[in-house]
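Okay, so here's the structure we're looking at.
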Amino acid sequence: MIGPLRDTWLFFRQTIPFRIVPAAIATAVLVGMLLMPTPAGLTPDAWRLVAIFATTIVAIILKVMPIGVMALMAIVVVSLSQVTADSSGAAVADALDSFSSPLIWLIVVAIMISCGLKKTGLGSRIGLIFIRLLGRRTLGVGYGIAVCDLVLAPLTPSNTARGGGVVHPIMRSIADAFDSDPDRGTENRIGRYLALVNMHANAITSGMFVTATAPNPLVLSYVSQATGGNFNLSWTTWALAMLVPGLACLVLMPLVLMLLAPPELKRTPHAVEFAQAELEKKGPLSGAERVMIAIFVLLLILWANVPAMILGPSFELSPTAVALLGLFLIVITGTIDWNDVLAEKSAWDTLIWFGALVMLAAQLNEQGVIEWFSGLIQSGLSALGLSWLTAAALLVLLFLYSHYLFASTTAHITAMMLAFLSVGVAIVPADYTEAFVLMMVAASTIMMGLTHYATGTSPVIFNSGYVTMGRWWLAGFVMSVINILLFATLGIAWWKLLGYW
């Protein structure tokens, strides 16, 4: 009897793809919440939905399984439990409703388009060009990395693919060229500094465009919900609102990191030679790269609504329609082929987990959970007797620094942002609501630089060994303070010029 049981246990340990202890913790959260009495102000179904939501977030944070599997779990549980509807068919329809969202498909299609940057080699060429132009000093190399990330950001909604898959290999090659290698104890020559620049450039540029990181469209959805549809950011208005404070953060960041992680090498003439040699290996622009550039420019023009500005509002196009056009063009021109689209696993993975999280957030809102939770937060702030300005600032800071508890930007935004936005909209005077909302939007990406697990890019760069955990956390905290202050001063002034308050 004991033998078969032992064999069965070993089989499960070897084959089941989830982590047993984190899975047990997530299950305990679900069971514990279901056994609790329903809080006043919620229906039993609404509380069960909260339990499903909380379990999903805990499972994602603890990395029980890949985020897509945990999202699929949420879809299955919502479909079977019927917490959103009275029939199985209606519950399934609710669970799958978000997959028709244009915002979700905008990100999915943009990830597929970004595949062209890697396949054609255009992404690495752009990085090398900036290194060649700016790389005679270490500071210049840092700015080259930052500008490279900025140029790629509008078309790379996976910040991990951009920072970890395109920019990081360039950064490591430059570090190797200067004998800066963690394995030889020479990471401080230049590699530590460049690794931190890569990370913080990735975080800053992720906040400058809707299509620069996957959770941004989720933020758009929450902004619309929290403001009752009165404030809707488009691709253009987002980019314009974040332009000045974002560029200020990007300009200041390499200088600050030069103080926080000073490289031993200050002059790097060999970086220019390295970039030139790599570009010579690549040769002239290929036909595929030229096509990719043309499509890139076309998408930026259409996303910026230039035709509508010139010809009138009837020529305004949905950002998702523009993304679909871009994907169609790079496929029919042979820049990528259909197999590349089918093989872009990160896009299909994003479709599942992003769709599930959007569904959960929408259902929580429909069930009155967000209003209930927002009321609790608002009551707590009222009990403190704070002015609306102090309360608004506290909300932004709590949202920003609670990211120390999260290993996923998406999980954090899904768990907290809509409630915090709703509370802020309720307590901030109407004339200042949009400025508060934009501060929350900024905080949603500033938090990416806090820890070595804050977003998908972080472990890619951290695991290369150039930066110690202590240095990473110190740089993350200092940069978060500087960035939020820049948005609270320069950003607020810029938004005043744009008429947001």
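The values are calculated or read from the model by the stated rules, or taken from the named source; none is laboratory data. Note that the structure is a prediction, hence the values are computed from the model and not measured. Glycine also receives a Cβ, built like all others from the backbone with ideal geometry; neighbour counts cover every protein chain displayed. Only protein heavy atoms, including side chains, enter the accessible area calculation; ligands, DNA and RNA are left aside. Shrake-Rupley method; radii C 1.70, N 1.55, O 1.52, S 1.80 Å.
Selection of segment 184-212 for residues being in contact (Cβ under 8 Å) with a residue 60 or more places away in the chain, touching a Leu at 6+ places or on another chain (Cβ under 8 Å) and assigned to a loop (DSSP other than H, G, I, E, B) yields 189, 190.
Looking at 272, 297, 322, which is the one that is more than 30 Å from residue 142 (Cβ to Cβ) and either in a helix (DSSP H, G or I) or free of Cβ contacts under 8 Å to residues at least 12 places away in the same chain (or both)?
Values: 272 fails: more than 30 Å from residue 142 (Cβ to Cβ); 297 fails: more than 30 Å from residue 142 (Cβ to Cβ).
Among 272, 297, 322, only 322 is more than 30 Å from residue 142 (Cβ to Cβ) and either in a helix (DSSP H, G or I) or free of Cβ contacts under 8 Å to residues at least 12 places away in the same chain (or both).
The listed residues are 418, 405, 394, and the only one of them that is modelled with pLDDT of 85 or more, open to solvent by 50 Å² or more (accessible area, probe 1.4 Å) and of a type in the set (A, V, I, L, M, F, W, C) turns out to be 394. Got at least one residue in segment 197-212 being among the polar types (S, T, N, Q), open to solvent by 10 Å² or more (accessible area, probe 1.4 Å) and over 18 Å from residue 413 (Cα atoms)? No, there is no match, as no residue in segment 197-212 is among the polar types (S, T, N, Q), open to solvent by 10 Å² or more (accessible area, probe 1.4 Å) and over 18 Å from residue 413 (Cα atoms). Of all residues being surrounded by fewer than 22 Cβ atoms within 10 Å (Cβ to Cβ) and either among the β-branched types (Val, Ile, Thr) or closer than 18 Å to residue 206 by Cβ (or both) in segment 127-148, which is modelled with the lowest pLDDT? Just the residue, please. The qualifying residue modelled with the lowest pLDDT is 129. When 263, 284 are checked against the criterion of being more than 21 Å from residue 110 (Cα to Cα), of a type outside the set (S, T, N, Q) and without any contact (Cβ under 8 Å) to a residue 24 or more places away in the chain, 284 stands alone in meeting it.
For residues in segment 108-140 being basic (Lys, Arg) and assigned to a helix (DSSP H, G or I), which is farthest from residue 151 (Cα to Cα)? Out of the qualifying residues, it is 119. A Cβ distance below 7 Å, combined with a sequence gap of six or more or placement on separate chains, defines the contacts here; from segment 80-108, residues that are on the phi > 0 side of the Ramachandran plot reach residues that are polar (S, T, N, Q) and at pLDDT 85 or above in the pairs 82/88.
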